[in-house]
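Working notes, structure below.
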Amino acid sequence: MERPDNFIGVNLSSVSLTVSVRTHPWRVVDPPTSFENSADGFCNLLAWLHKHSHKPDNSVVCMEATGSCQ
């Protein structure tokens, strides 16, 4: 497998999804952008990724859940 072009970081919270995209070597391509944590927000996130040409075959997605486990 070749090195991916994009590294997409997603910070998940109950209210929002905050996404930032970097390349290798580490350069911010798209600064943090927030989307509502809902079905509509997820559709908006997918449209945003598509608009910026971030596709599954050239990207790695990492997610981090914000908050605590209770």
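All of the numbers you see were taken from the coordinates with simple rules; none came from a lab. Every value quoted in this text rests on a predicted model; they were computed, and no experiment measured them. We place every Cβ from the backbone using ideal geometry, glycine too, and count neighbours over all the protein chains shown.
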Can you pull out every residue in the range 1-14 that is assigned to a strand (DSSP E or B) and either of a type in the set (F, W, Y) or within 21 Å of D40 (Cβ to Cβ) (or both)?
F7, I8, V10, N11, L12
Quick one: how many residues across the range 49-58 are outside any helix (DSSP H, G or I) and over 10 Å from the mean Cα position of the chain (by Cα)?
3
For the range 47-66, give me each residue that is under 14 Å from V10 (Cα atoms) and surrounded by 11 or more Cβ atoms within 10 Å (Cβ to Cβ).
W48, L49, H54, S59, V60, V61, M63, A65, T66
Tell me, please, whether a residue that is part of a loop (DSSP other than H, G, I, E, B) and either of a type in the set (D, E, K, R) or closer than 19 Å to P56 by Cα (or both) can be found in the range 15-22.
no
